[in-house]
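Student: I am attaching a structure below and will ask some questions about it afterwards.
Readers should treat all values here as calculations from the given coordinates under stated rules, not as data from a laboratory. Just so it is clear, the structure is predicted and the values come from calculations on it, not from any experiment. When we count neighbours, we look across all protein chains shown, and the Cβ atoms used for this are built from the backbone with ideal geometry, even at glycine.
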Amino acid sequence: MSSPSRTFTLFPQLLPEIRLLIWEHALQPRIITFSCTLYSFNVRNAPQALYLVGGDAPFSHFTMDVPQRPTSPYYIVQCYPDDVASPPLLGTCHESREVALRHGYKPWLIENESLGTREVMWNPELDVISLAMAEKSLQVDELCVDVFVSLFPEQTREIRRLIVESEHHHLWTVEHACEWARIFDFHNLVELVGLVGLTRNTQRAATAVRNCLELAKEQRLARMETGCKEYQRLDRWFPESIRAVGDEDDVLNEESGAYRWH
């Protein structure tokens, strides 16, 4: 006895409205992880890169956003995504691709000195951007957020869900709040997730993230002119949800038990 076929051959005969509902239900969020890579000053004409001048090992406290190649010793830092699969609906058929594009998928052109140019199809409404830190960043230390914002300002303003790897818990202490000022460039941020590694107390970690952001926001507002447009925007800014998880796989799993601040 032959095994039954698992191919649903009648799908094209379904009503168009039903097919569209099925395609829409198949839209799923992905995690797109970016890591920072540090190059020596021997690299020439690196695309989408920043010059870093000064600083001490492990490469912290650099002067960033230097407009021209410096005459003093410098490094070049780039931000590039790890392997990310293309959304299946973009390659299934013409109808599914149209549904995916209509629901917000669009190209994001990313360049790298050694890895070449990559066009990532992403959806700001669905996809989660993850910024790797420390160990995954070849000792660029706490620069990944700053580098990402500087290299991709347009996408930064669109991102709604963000993961920041912070296994070193001092990154979320109030003493380091000033280092997270560029998190406010994520204008439309709805959810911030702290990836805190093997810690068992995700509630404490989520509280630390929230306290750090609140203090950083207060410090930023104190330096601004009260009532100006940027002051009003920042005054209203705060993620609706703050979470702490031990593993990146838990981010898309609402049943993972990760602690959430609302």
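Student: Is segment 179-231 best put as rounded, prolate or oblate by its Cα gyration tensor, with a ≥ b ≥ c the root eigenvalues, rounded for a/c under 1.5, and otherwise prolate when a/b is larger than b/c, oblate when not?
Tutor: In terms of gyration-tensor shape, prolate.
Student: Still on this structure, please answer the following. From zero up to wherever the largest Cα-Cα distance of segment 81-132 sits, split into 10 Å bins and tell me the percent of pairs in each.
Tutor: Calculated over all Cα pairs of segment 81-132, the distribution is 22, 50, 23, 4 percent.
Student: Okay, moving on. Within 10 Å, count the other beta carbons around each residue, average over each peptide in 188-196, 89-97, 225-233, and list them highest first.
Tutor: On the way: 188-196: 21.3, 89-97: 14.6, 225-233: 10.3.
My ranking of the peptides, most packed first, is 188-196, 89-97, 225-233.
Student: Run the simple label-point estimate for E119 and E154 please: 7 Å along Cα→C-beta, distance reported in nm.
Tutor: About 1.3 nm separates the two model spin labels.
Student: Under 16 Å from a label point 7 Å along Cα→Cβ of E95: give me every residue in segment 10-34 with its amide N that close.
Tutor: Only 10-27 fall inside the zone, counting backbone N under 16 Å.
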